[in-house]
Amino acid sequence: MSGPLSGIKIVDLTTVISGPSATMLLADQGADIIKVESISAPDHARGAGFGSNHFTSVFLNNNRNKKALALDLKDPRGRTALLTVCQDADVVIQNFRPGVVERLGVGEADIREVNSEVIYVSISGFGETGPLAHKPVYDPIIQAVSGLATIQAGSDELRPRLIRTILPDKLTGIVTAQAVTSALFHKLKTGEGQHVRVSMLDAVVNFLWSSDMGSQTFVGQTVSQQRAATFIDLIYETKTTYISVSAMANKQWLALCTAVGHPEWQDDERFKTPALRDQNANERLEMTQAALLSRSAEDWLERLEAAGVPCAPVLTRSQMVDHPQVLANDLLFTSQHPVAGDIRQARPAARFSKTPLETRLPAPKHGEHTREILLAAGMTDDSTLFRHALADTDDCIYCKKKRGTKKKRNAPKKTPNRPHTL
């Protein structure tokens, strides 16, 4: 047994980040994930960003512990193969634009015909209805519409800024994974499947509301967003490098004043209470920055830690990898991918005392497990449907028609167990 979700079968029709990150989280926790990709147009993440031997870091870091199945869902035989694989699935998850799965014949109603108790999960950009529902969506678009880009600017009057990581995509993955486990718990109690819908817009707005929408919380009370938020962040320059300092509680603020050599700040009427310190945040943070320029980062960290003020160095990516706390947490691990070579990844964040997690499978090659998955679904080697899905399908009429050629005598043999590209 590996992970608390061991024995759960999930058919994954998602691509890029939001869906694959959700299913990898579930895979890391033990679920059996079948990653379904188009024969002719595999997951876009396979070709996005830095890579080694045709495996990109984006694909590797969102698709471990999965088995890969390549099908042409636009062909009736590919659709039939998928429905066969879904017959005993606990969950089917997709992130096509609204309406696409219905046109392909693999929407909720189609899957439920062969598996009435399935949990069907739909990830979308904006939701299923409304003026933006059918528009293509990428992470920056959601940052723009959700208000996140304006929040990142610090004020409604300043130029909006994007967060330099794809937060909406990854947050949607986490929200989706949590929703799937909740639906699985309901199914365990009642035997009922259901349709779970998650939109990126919904996930981000909900995420922001807990701390960034104070001006919108009290209906009928207008709050100036420029006054309600500072546009100075908590990264400070020192004589040597950058540090972060965050004094939220009264005790921490008083300690900070003393540690930076300005005890008179404790009596400043602008900073007497947390509410006043928020109201006068720009002045407070500018004063703190001016004080911290007088010493090195190492000196300030030692002084502030001794005073009980929360602080930390600002690390680069390469520095973070070797930081003593990261090492103490055993947060990163290395493994050898059969194609990409030695890779470093972050382990799952949650740890389970009774059901420890392990990396069972590397990120798969395109369609790597097609034969294994279809045989497990009850198909036989000599079936037309089975032969159609594999690389050595020279008898496949559909493939000949698409290629416009027949098998040539003395042609080199195709690699077995590898899907063809039409």
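The values are calculated or read from the model by the stated rules, or taken from the named source; none is laboratory data. Since the model is a prediction, treat every value here as computed from it, not as a measurement. All Cβ positions, even for glycine, are placed from backbone atoms using ideal geometry, and neighbour counts span all protein chains on display. When the accessible area is computed, the model is the full protein with side chains, heavy atoms only, and any ligands, DNA or RNA have been set aside. Shrake-Rupley method; radii C 1.70, N 1.55, O 1.52, S 1.80 Å.
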- Among the helices (runs of 4 or more DSSP H) confined wholly to segment 123-234, which include 3 or more residues that are farther than 24 Å from GLU286 by Cβ? 139-146, 167-190, 200-212
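From the set of residues in segment 178-201 that are among the small types (Gly, Ala, Ser) and in contact with a Ser or Thr (Cβ under 8 Å, 6 or more places away or on another chain), which is farthest from ALA109 (Cα to Cα)?
Result: SER199.
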- Query: Would you call GLU117 farther than 29 Å from ARG347 by Cα and either open to solvent by less than 10 Å² (accessible area, probe 1.4 Å) or without any contact (Cβ under 8 Å) to a residue 40 or more places away in the chain (or both)?
  - Reply: no
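State the number of residues belonging to segment 235-249 that are closer than 19 Å to ALA306 by Cβ and either open to solvent by 50 Å² or more (accessible area, probe 1.4 Å) or in a helix (DSSP H, G or I) (or both).
Summing the residues that are closer than 19 Å to ALA306 by Cβ and either open to solvent by 50 Å² or more (accessible area, probe 1.4 Å) or in a helix (DSSP H, G or I) (or both) in segment 235-249 gives 3.
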- Task: Hand me the list of strands (runs of 3 or more DSSP E) wholly inside segment 280-359 holding 1 or more residues that are surrounded by fewer than 11 Cβ atoms within 10 Å (Cβ to Cβ), within 26 Å of the chain's Cα centre (by Cα) and of a type in the set (S, T, N, Q).
- Result: 332-337
- Message: Looking only at residues that are within 19 Å of the chain's Cα centre (by Cα) and aliphatic (A, V, I, L, M) in segment 41-67, which one is modelled with the lowest pLDDT?
- Response: ALA48
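Test ASN115 against the stated conditions and say whether it is of a type in the set (S, T, N, Q) and touching a Gly at 6+ places or on another chain (Cβ under 7 Å).
No: the conditions fail for ASN115.
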- Message: I'd like the full set of residues that are of a type in the set (A, V, I, L, M) and under 16 Å from ALA45 (Cβ atoms), limited to segment 19-34.
- Response: ALA22, MET24, LEU25, ALA27, ILE33
- Message: Taking the conditions exactly as written (open to solvent by less than 60 Å² (accessible area, probe 1.4 Å) and more than 30 Å from ALA133 (Cβ to Cβ)), does ASP268 satisfy them or not?
- Response: yes
- Picking from PRO136, PRO168, the residue that is closer than 14 Å to MET200 by Cβ and surrounded by fewer than 21 Cβ atoms within 10 Å (Cβ to Cβ) would be PRO136
- Out of GLN143, GLN87, sole residue that is open to solvent by 50 Å² or more (accessible area, probe 1.4 Å) and polar (S, T, N, Q): GLN87
